[in-house]
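Worksheet: the structure to be examined is printed underneath.
The values are calculated or read from the model by the stated rules, or taken from the named source; none is laboratory data. What you are looking at is a predicted structure, and each value in this text was computed from that prediction instead of being measured. Virtual Cβ from ideal backbone geometry, glycine too; neighbours counted across all protein chains shown. Keep in mind that these areas ignore ligands, DNA and RNA; they rest on the heavy atoms of the full protein, side chains included. Shrake-Rupley method; radii C 1.70, N 1.55, O 1.52, S 1.80 Å.
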Amino acid sequence: MHHRHGLHFLALTDEKGRLIWISAARPGRTRDITAARRNYLLAHLRAAGLGALADLGFLGLDDDADHPVVVTGFKATRYRKLTTCEKDANRVLAAGRAPVEHGFAHLENWRTLTKRRTDPTRATHLLRALLVLTNIEVHR
């Protein structure tokens, strides 16, 4: 499936994996870091005093090294391998992100998002409705 046909959205969960917020849908070709910047995710998290664990798609989003809001892992390159400490940090981050992935799995269980080829504006309304339904289903 081409990226131009899909949808891209961001979601925030709590530490137990319950969905809290879903961004507006964007075309599937949108990158994670671009969507985060367009939704002012960093500014909203910083204003609320919150932090987020993110995957490598958000690498380079947070430029404040002293007080990071978005924590990402370390990325190896062809010329620079990860140290043992960096590998351990990636393992700890992956363990912390596991409930987040479970929250996304609950959302994807609705299967209406699998091959959705619609206007992102219409899909945003669908995503917000699925957020409510998912929270009702998970809390039951």
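The rows are residues; the columns are (1) open to solvent by less than 40 Å² (accessible area, probe 1.4 Å); (2) modelled with pLDDT of 85 or more; (3) outside any strand (DSSP E or B).
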{"position": "34", "(1), (2), (3)": "no, no, yes"}
{"position": "42", "(1), (2), (3)": "yes, no, yes"}
{"position": "47", "(1), (2), (3)": "no, no, yes"}
{"position": "75", "(1), (2), (3)": "no, yes, yes"}
Residue match in the stretch 10-32 (condition: touching a Phe, Trp or Tyr at 6+ places or on another chain (Cβ under 6 Å), open to solvent by 30 Å² or more (accessible area, probe 1.4 Å) and assigned to a strand (DSSP E or B)): yes
Residue that is in contact (Cβ under 8 Å) with a residue 12 or more places away in the chain and surrounded by 11 or more Cβ atoms within 10 Å (Cβ to Cβ), where the choices are 92, 71: 71
Subset tally (residues that are among the β-branched types (Val, Ile, Thr) and within 10 Å of the chain's Cα centre (by Cα)) for the stretch 1-32: 2
Some residue of the stretch 99-111 being under 25 Å from residue 139 (Cβ atoms), at pLDDT 75 or above, among the basic types (Lys, Arg) and outside any strand (DSSP E or B): no
Those residues of the stretch 49-68 which are more than 19 Å from residue 31 (Cβ to Cβ), in contact with a helix residue (DSSP H, G or I) (Cβ under 9 Å, 6 or more places away or on another chain) and either surrounded by 11 or more Cβ atoms within 10 Å (Cβ to Cβ) or among the β-branched types (Val, Ile, Thr) (or both), in sequence order: 50, 51
